[in-house]
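Colleague: Provided herewith is a single structure, encoded as structure tokens, for subsequent inquiry.
Computed from the coordinates by the stated procedures, all read-outs in this text should not be read as laboratory data. Because the structure is predicted, anything quoted here is derived from the model rather than measured. Note: ideal-geometry Cβ built from the backbone for every residue, glycine included; neighbour counts use all protein chains shown.
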Amino acid sequence: MEIVLGVGRRDNFRTILDIATNELQRTQGAPRKVTVRGRNIELVGERESFDGPYVSLVFRCRRPGEATKQAIDDIVSKYEDVCEKAEEDGATALTFKGPQERKDEAADEFAKQVKVPEVWRVAGDQYETEHLSVERIFKALVEYKASDVHLAPGELPVFRIDGETRRLEILPALSSAQIMSLLREVADERHWNEFKEDQQTSFNFHQVGLGYSRISAFLKSGAPHVTFRFLPETIPSFDDLHIPAESMQQLGDLHHGLLLVTGMTGSGKSTTVAALVDWINQNRTLHILTIENPIEYVQVNKKAIVSQRMTGVDVADFNMAVTGALRHDPDVIVIGEMRDPDTIRSAINAAATGHLVISTLHANTAYEVVNRIVSFFDPVERDLVKLQLRDALTCVICQRLLPRIGGGRVPALEFMFNDVKAINDSIVEGHTDGIRIGMQQTVSHSFLFETYLHRLYKNKIVDLETARRHATDVSILDQMVMGTYSVPRLDSVKGLKE
């Protein structure tokens with residue numbers, strides 16, 4: 001891939017090569033050979049490794065003017081020990097080779113005698129092509145307890161550990177060629193072709209004995225970027241995830257209704273859903289149908305029958321899959337993500353017709369989910385959707401991952417059970433504040449993030465600063481810590497409209 005660079009006025013060829021090398025390093029990895037072409041001039045630098053100075057520099061000029069010819073002759077005469085002139089295919093070539101200091105001196109002096117272009121076309125060659133071991137990447141994910149690893153040209157592998165990115169020297173800086181070769185190796189034909197056509201793809205990969213990975217690949221500035229999201233072969237239990245088993249088992253025993261697991265990207269929504277589905281699979285004799293893109297955690301039949309369908313492979317899209325699911329005798333329908341009105345509408349209808357529907361949604365709190373869902377629809381539909389949600393929505397779980405004392409991460413949770421009239425009425429009215437205050441009533445099984453954060457702090461799982469940083473309303477948490485918190489009155493929300 002050719003890059004066009006404007007470098008301004010320069011009188012030093014080495015500076016131009018350094019600028020070109022840095023740009024190639026960022027987009028394609030470290031080259032051992034760099035070619036830069038300006039108007040009527042070409043520079044070629046070669047080096048023995050992927051870093052360090054260029055040991056050979058070749059200047060070529062087609063149809064050099066008299067001043068350039070004279071400059072070439074003068075520099076060859078003065079630096080004959082490190083300069084060599086030749087005629088190549090109608091171009092005059094000047095090669096600088098030999099002791100580094102002497103060669104650099106000659107090249108610098110020559111550059112000052114010729115007109116150096118301001119714009120250059122840059123191309124690299126001889127990149128690192130050593131094979132990347134997929135097994136080695138998975139072993140590093142397991143060893144460092146990383147959730148993700150990012151592979152990009154010119155960079156060390158970047159691992160996400162406890163929510164923070166860290167560059168680890170398990171491999172040298174990678175090249176574009178290595179990453180493309182790795183992607184071709186792990187992608188099936190369909191997803192490889194999808195990447196070539198759409199410049200992005202996402203699929204599941206199994207490294208036997210180590211785990212699964214959701215692999216996502218895309219282009220940035222024309223260069224490939226590949227991300228591995230690590231998924232263990234054994235689906236973690238509620239205890240493994242540090243989420244309340246009793247509440248989750250209560251949800252797993254539901255026979256119908258809409259259950260949503262929400263949170264921001266990277267908050268562990270998919271893992272929580274997988275743990276819930278696995279518990280149902282172990283404890284109930286029914287049919288679980290999942291609709292995902294791509295399939296992440298692989299479920300095997302236990303007490304239940306599990307049918308995992310991937311959109312784009314087993315069915316065209318989420319909406320068609322959810323609509324068709326009702327004909328496949330499911331008891332539980334799991335939708336990877338509610339991402340458009342048609343899918344949401346089908347999910348609500350499935351829950352209303354006696355199925356347990358489990359899905360995920362991006363949201364920052366449980367009580368804002370209703371209005372988040374309603375916002376997908378045209379205004380004329382919104383009142384109907386609120387009525388349907390009032391009857392179908394059973395529970396919303398929202399989670400955030402926090403750094404815990406001693407290392408690692410722990411989820412903070414917020415549960416919104418649709419189990420009291422205040423919440424039920426507020427769903428229809430679209431009162432986010434009404435839902436939030438209804439969640440705080442003692443007759444509801446719901447609880448806010450602040451309640452859970454206070455519990456984590458009291459049990460010395462997270463420190464107070466961390467708890468306050470992740471609270472939605474710090475004042476509520478502070479009142480709980482000081483022992484001055486009181487449940488708000490229901491009539492405090494009267495007349496409020498979103």
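Colleague: Going down the table (K196/K220; K145/K196; K269/K458; K69/K115; K421/K458; K145/K302), which pairs top 23 Å between alpha carbons?
Modeller: K145/K196; K269/K458; K421/K458; K145/K302
Colleague: Report the FRET efficiency, 1/(1 + (r/R0)^6), for A352 and H328, where r is their Cβ-Cβ distance and R0 is 22 Å, rounded to 0.05.
Modeller: Working from the Cβ atoms, E equals 0.80.
Colleague: From Cα coordinates alone, what are the radius of gyration and Dmax values for the chain in angstrom?
Modeller: Computed over the Cα atoms of the chain, radius of gyration and Dmax are 30.7, 96 Å.
Colleague: Also, I was wondering about something else. Nearest 0.05, what FRET efficiency do K85 and T129 give at R0 = 56 Å with Cβ-Cβ as r?
Modeller: For R0 = 56 Å, the calculated efficiency reads 0.95.
Colleague: Additional query: Mind giving me the nanometre distance, one decimal, between the label points for D433 and A67, set 7 Å out from Cα along Cα→Cβ?
Modeller: 7.5
Colleague: Note the angle between two axes, namely the Cα long axis of helix 176-186 and the longest principal axis of the Cα atoms of the chain, as a number of degrees from 0 to 90, rounded to the nearest 10.
Modeller: Its long axis makes an angle of about 40 degrees.
Colleague: Just want the ordering: I291, I72, from fewest to most Cβ atoms lying within 10 Å of their own Cβ.
Modeller: I72, I291
Colleague: Mind jotting down the distance between the C-alpha centroids of the stretch 200-245 and the stretch 384-459, whole Å?
Modeller: Rounded to whole Å, the Cα centres lie 28 Å apart.
Colleague: When the Karplus curve 6.51 cos²θ - 1.76 cosθ + 1.60 is applied with θ = phi - 60°, which whole-Hz ³J(HN,Hα) does each residue of the stretch 95-104 get, with x for Gly and Pro?
Modeller: 9, 9, 8, x, x, 4, 5, 5, 5, 4
Colleague: Here's a follow-up. Give, in nm to one decimal, the length gained when the segment between V380 and T15 is fully stretched (0.36 nm per residue of separation minus the Cα-Cα distance).
Modeller: Computed gain between V380 and T15 is 125.1 nm.
Colleague: Enter the angle in degrees (range 0 to 90, nearest 10) between the Cα long axis of helix 449-458 and the first principal axis of the Cα atoms of the chain, meaning the one along which they spread out most.
Modeller: 80
Colleague: Ok, one more. Within a 10 angstrom radius of the beta carbon, how do K112, K33, K103 rank from fewest other beta carbons to most?
Modeller: Ordered by Cβ neighbours within 10 Å, fewest first: K112, K33, K103.
Colleague: Moving on to the next point. Can you work out the Karplus-derived ³J(HN,Hα) for every residue in the stretch 46-55? Use 6.51 cos²θ - 1.76 cosθ + 1.60 with θ = phi - 60°, whole Hz, and x for glycine or proline.
Modeller: So the Karplus estimates, Gly and Pro as x, are 10, 9, 7, 9, 8, 8, x, x, 7, 7 Hz.
Colleague: Turning to a different aspect of this structure: Taking H placed 1.01 Å from N in the peptide plane, check which residues at least 5 places from E155 or on another chain put their amide H under 5 Å from its amide H.
Modeller: Amide H neighbours of E155, under 5 Å, 5+ apart: L174.
Colleague: Using Cβ contacts closer than 10 Å as the measure, can you line up T394, T265 from fewest to most?
Modeller: Listing T394, T265 from fewest to most nearby Cβ atoms yields T265, T394.
Colleague: Continuing with this model, one more query. Taking each pair of distinct Cα atoms in the stretch 134-231 once, what is the resulting Kirkwood hydrodynamic radius in Å?
Modeller: Answer for the stretch 134-231: a Kirkwood hydrodynamic radius of 13.5 Å.
Colleague: Could you give the distance between the Cα centres of the stretch 277-314 and the stretch 82-117, to the whole Å?
Modeller: Here the two parts' Cα centres lie 67 Å apart.
Colleague: If you don't mind, another one. With everything on Cα atoms, drop me the angle between helix 13-27 and the longest principal axis of the chain, reported from 0 to 90° to the nearest 10.
Modeller: So the helix axis and the longest Cα principal axis differ by about 20 degrees.
Colleague: If you project the alpha carbons of the stretch 329-451 onto their three principal axes, what span does each projection cover, largest first, in Å?
Modeller: The principal-axis extents, from largest down, are 49, 32, 26 Å.
Colleague: If amide hydrogens are placed 1.01 Å from N in the peptide plane, which non-local residues have theirs closer than 5 Å to the one on Q308?
Modeller: HN-HN under 5 Å from Q308: T290.
Colleague: Another question about this same structure. Looking at the stretch 165-274, which GluC sites (Glu not before Pro) are in a loop (DSSP not H, G, I, E or B) and have at most 11 other Cβ atoms within 10 Å?
Modeller: When the GluC sites (Glu not before Pro) of the stretch 165-274 are filtered for loop state and at most 11 Cβ neighbours within 10 Å, E169 remain.
Colleague: Please list, in chain and number order, the residues 5+ apart from D463 or on another chain whose amide H is under 5 Å from its amide H, with Hs placed from the backbone.
Modeller: Under 5 Å from the amide H of D463: I405.
Colleague: Toward the positive end of the charge dipole of the stretch 238-493, about the Cα centre and with charges on Cβ (Lys, Arg +1; Asp, Glu -1), which of T451, Q388, V300 goes farthest?
Modeller: Most positive-ward Cα: T451.
Colleague: In whole Hz, what ³J(HN,Hα) sequence does the stretch 389-395 give by Karplus (6.51, -1.76, 1.60; θ = phi - 60°), x for Gly and Pro?
Modeller: Coupling constants for the stretch 389-395: 5, 4, 8, 9, 6, 9, 7 Hz.
Colleague: What whole-number volume per residue, in cubic angstrom, does the convex hull of the C-alpha atoms of the stretch 238-493 give?
Modeller: About 125 Å³ per residue, rounded to a whole number.
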